[in-house]
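Down below is the structure, laid out as structure tokens.
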Amino acid sequence: AQNRYASLRNLPATGTCGTTIQLYMNAGLMADLPSLEGSGAEGVGLFRTELQFLIRSHVPRRAELAALYRRVMDNAKGRPVMFRTLDIGSDKVLPYMKPQDEPNPAMGWRAIRVGLDKRGVLRMQLQALIRASAGRPLHVMFPFVADIGEYEEAYRVLMQELSREQKLGREMPSDIRVGAMLETPSLAFAPRRFFEMCDFVSIGGNDLKQFFFAADRENERVRRRYDTLNVSFLSLLRQIVQCCEEARVPLSFCGEDAGRPIEALTFAALGIRRLSMRPASIGPVKHLIRRVSIGDLRRVIDEAEAQGLTNLRRPITEWLARQ
Ligand code: PEP
Ligand code: MG
């Protein structure tokens, strides 16, 4: 399937209206990196660092991690890599971590909650990232932030590590961009100051949708009841787009839905200009975006919503069939 889209590799994802959508890929292991070249991705929009922790039998050492992150950046050849700090805990149990007995692991002690409570691991990971990026830009993204206080605290930890590394005489990153993953509905309603503090925001659609509809993303039976193109979910996305536009902060979407062409196009029409997906989805998504006017689709969506529809999949696919 990748070959079918090979001719698009070096072309931008620009709609016939002239709007360009930046397409990034998701990654987590060294083995994913060669796809960066082949897929035509502009960079890695989500690097899931926990995968490296999950495949080991011990906590990786700082030097080991730094060497690994350095190789990831080398392989990216100057393209940006958004490193997401550890998203572990509860369901993603590390072999060397004491299992937590929690009734609702997805809503439990995970991600940045663990990072802030177990500062040592978060600090070690940030030090490894700083050392790996010496002289190069560094993008750090904190997962599963539910309120501004958590972001401020994580941000402070990063700043402390940067000044500590600087005092040790290490070469600093040439640029540092800090962002949050928006994966809980609460963060969409955070004070404006939160959005202004971010250099970028990335929607973790898998988690955001699961918490918005209160439907377990792992449970097929309930997951399929709620469509991403449900108007309530799209309203939430509009709200997020508006917050980011007001604060002038770049917004991306990096859940599985970003790799589904109709969903991806809908996100683009709502104003999300960056999408990050598995490498194999980049071709099909780009192919569709290049065929249509994103501006026209925006009008179709606005009209369908004004008519009071509850789900926009039908009007969108009908419109697509006419293009
Ligand atoms: C998400 O929640 O959409 C996401 C990108 O993170 P993960 O799938 O790793 O939870
Ligand atoms: Mg998530």
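With respect to A128, is the statement that it is surrounded by 16 or more Cβ atoms within 10 Å (Cβ to Cβ), aliphatic (A, V, I, L, M), part of a helix (DSSP H, G or I) and under 18 Å from the mean Cα position of the chain (by Cα) true?
The answer is no for A128.
Once the range 169-193 is narrowed to residues that are within 16 Å of ligand 2 (Cβ to nearest atom) and assigned to a loop (DSSP other than H, G, I, E, B), the residue that is nearest to V249 (Cα to Cα) is E183. Checking each residue of the range 147-163 against the condition of being within 16 Å of ligand 1 (Cβ to nearest atom) and farther than 24 Å from R248 by Cβ gives no match. Residues in the range 190-213 that are over 18 Å from G271 (Cβ atoms) and aromatic (F, W, Y) were compared, and the one that is nearest to ligand 1 (Cβ to nearest atom) is F211. Among the residues in the range 222-245, are any within 21 Å of L208 (Cα to Cα) and in a strand (DSSP E or B)? Yes; the residues of the range 222-245 include at least one that is within 21 Å of L208 (Cα to Cα) and in a strand (DSSP E or B). Taken over the range 288-302, the criterion of being part of a helix (DSSP H, G or I) and not β-branched (V, I, T) is satisfied by L288, R290, R291, G295, D296, L297, R298, R299, D302.
Only one of these is buried (at least 20 other Cβ atoms within 10 Å of the Cβ), within 16 Å of ligand 2 (Cβ to nearest atom), modelled with pLDDT of 95 or more and not small (G, A, S): I240, I301. Name it.
Answer to the check: I240.
Any residue that is of a type in the set (D, E, K, R), modelled with pLDDT of 95 or more and surrounded by fewer than 20 Cβ atoms within 10 Å (Cβ to Cβ) - is there at least one of those in the range 131-138? There is at least one residue in the range 131-138 that is of a type in the set (D, E, K, R), modelled with pLDDT of 95 or more and surrounded by fewer than 20 Cβ atoms within 10 Å (Cβ to Cβ).
Matching residues to (1) within 24 Å of M97 (Cα to Cα); (2) part of a helix (DSSP H, G or I):
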| position | (1), (2) |
| --- | --- |
| G120 | yes, yes |
| H139 | no, no |
| F144 | yes, no |
| Y155 | no, yes |
| Q166 | no, yes |
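The number of residues in the range 182-231 that are free of Cβ contacts under 8 Å to residues at least 24 places away in the same chain, surrounded by 13 or more Cβ atoms within 10 Å (Cβ to Cβ) and not aromatic (F, W, Y) comes to 3.
Condition check ((1) at pLDDT 95 or above; (2) within 16 Å of ligand 1 (Cβ to nearest atom); (3) not charged (D, E, K, R)) across all residues:
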residue	(1), (2), (3)
G40	no, no, yes
V44	yes, yes, yes
R56	no, no, no
P60	no, no, yes
A67	yes, no, yes
R70	yes, no, no
D74	yes, no, no
R79	yes, no, no
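The values are calculated or read from the model by the stated rules, or taken from the named source; none is laboratory data. Here the structure is a predicted model, which means the values were calculated and not measured. With ideal geometry, Cβ positions are generated from the backbone for all residues, glycine too; neighbour counts draw on all protein chains shown.
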